[in-house]
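This report concerns only the one structure given below.
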Amino acid sequence: MDRFLFPRWVNRFVPLAGAGFVAFAIYSGVVFVFATAPETISVGHAPIQPVPFSHRLHAGRLKMDCRYCHNTVDEAAQAAVPPTATCGNCHSPAGADGTAKYAAVLVNSPNLEPVHSSIATGESVDWQRVHDLPDFVYFDHSAHVTRGVSCVSCHGRVDTMDVVTQVEPLSMAFCLDCHRSPDAHIRPLDEVTNLAWQAPGSETDPHAAALLGAEIRKENDIQPSTNCSTCHR
């Protein structure tokens, strides 16, 4: 019986197969590194920012709505880092004549120097990401916020933080747990950015939030998907 021999032209694909294997190994390594980076899964991650912006003061004590700074959170996938012009509405620098163009809160504070410099030069402030999903994960803020999922569910009580800290792992398991049992995370739309909100009756009934969330989900036909393509596109 004659032995089967691959045609000679097959030989040229051997190096390509080897190169493909190496490329796949490198890609897998990069995905693993970014998927397990501290910025992605480490609860407690709290990078030092160039400006010591206190959410406890602004969102907590002053009751500023999250959407004043993160003004695309209910309209787009990204929550948006506020432009320096937003900061300048309250913290505009003093001009040559010593007066400020807009509100003059802490005009001479050295902590605000990066903001004043950004306003003068047009260069962005080098804010550091606290919550950073891998590039292979798609998350739409507006799809959650406009259906009653509060900032608290993923970001915690930011209104009590002087330094924003990651409080949830933001892993696939974390997201799937919420999509499979969303009721406790759904609240009235007008309370989405009220980070201190508690469901009526929750003082005596630990299931009050979930019961209310179930009603809202049914009324609005909210059906969170657990299909892989929802987040991996």
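Condition check: under 15 Å from the mean Cα position of the chain (by Cα) and in contact (Cβ under 8 Å) with a residue 24 or more places away in the chain. Does Leu57 satisfy that?
no
Which one of His185, His155 is farther than 22 Å from Arg56 by Cα and surrounded by 19 or more Cβ atoms within 10 Å (Cβ to Cβ)?
Details: His155 fails: farther than 22 Å from Arg56 by Cα.
Result of the check over His185, His155: His185.
Select from region 170-199 the residues that are of a type in the set (D, E, K, R) and closer than 18 Å to Arg67 by Cα and list them in ascending order.
Let us first name the residues in region 170-199 that are of a type in the set (D, E, K, R), namely 177, 180, 183, 187, 190-191.
Listed by number, the residues that qualify are Arg187, Asp190, Glu191.
Across region 190-210, which residue is farthest from the chain's Cα centre (by Cα) among those that are surrounded by 16 or more Cβ atoms within 10 Å (Cβ to Cβ) and not in a loop (DSSP other than H, G, I, E, B)?
Ala208
For region 86-113, name all the residues that are closer than 23 Å to Arg67 by Cβ and open to solvent by less than 80 Å² (accessible area, probe 1.4 Å).
Once the filter is applied, which keeps residues that are closer than 23 Å to Arg67 by Cβ and open to solvent by less than 80 Å² (accessible area, probe 1.4 Å), region 86-113 yields Thr86, Cys87, Gly88, Asn89, Cys90, His91, Ser92, Ala103, Val105, Leu112.
List every residue pair whose Cβ atoms lie under 7 Å apart, where the two residues are 6 or more positions apart in sequence or sit on different chains, the first residue falls within region 190-205 and is more than 17 Å from Arg147 (Cα to Cα), and the second residue, located anywhere, is open to solvent by less than 50 Å² (accessible area, probe 1.4 Å) and at pLDDT 95 or above.
What qualifies is Ala196/Asp159; Pro200/Ala208; Gly201/Ala208; Ser202/Ala208; Ser202/Ala209.
Limited to region 128-150, what total is found for residues that are of a type in the set (Ser, Thr, Tyr), assigned to a loop (DSSP other than H, G, I, E, B) and over 16 Å from Val167 (Cα atoms)?
Step one: list which residues in region 128-150 are of a type in the set (Ser, Thr, Tyr), which gives 138, 142, 146, 150.
Going one step further and asking which of them are assigned to a loop (DSSP other than H, G, I, E, B), we end up with 138, 146, 150.
Next, only the ones that are over 16 Å from Val167 (Cα atoms) stay: 138, 146.
Count: 2.
Quickly run through region 124-143 and pick out the residues that are open to solvent by 50 Å² or more (accessible area, probe 1.4 Å) and over 30 Å from Gly29 (Cβ atoms).
Of everything in region 124-143, just one residue is open to solvent by 50 Å² or more (accessible area, probe 1.4 Å) and over 30 Å from Gly29 (Cβ atoms), namely Ser124.
Please give the number of the condition Lys218 fails out of (1) within 20 Å of the chain's Cα centre (by Cα); (2) at pLDDT 95 or above; (3) over 29 Å from Val51 (Cα atoms); (4) open to solvent by 60 Å² or more (accessible area, probe 1.4 Å).
(1)
Of everything in region 211-233, what is of a type in the set (Gly, Ala, Ser) and assigned to a loop (DSSP other than H, G, I, E, B)? Give them in sequence order.
Listed by number, the list holds a single entry, Ser225.
Which numbered condition in (1) within 24 Å of Ala46 (Cα to Cα); (2) in contact with a helix residue (DSSP H, G or I) (Cβ under 8 Å, 6 or more places away or on another chain) is the only one that Pro93 fails?
(1)
The values are calculated or read from the model by the stated rules, or taken from the named source; none is laboratory data. Here the structure is a predicted model, which means the values were calculated and not measured. For neighbour counting, all protein chains shown are included, and Cβ atoms are generated from backbone atoms with ideal geometry for every residue, glycine included. Side chains are part of the model used for accessible areas, which takes the heavy atoms of the whole protein and leaves out ligands, DNA and RNA. Shrake-Rupley method; radii C 1.70, N 1.55, O 1.52, S 1.80 Å.
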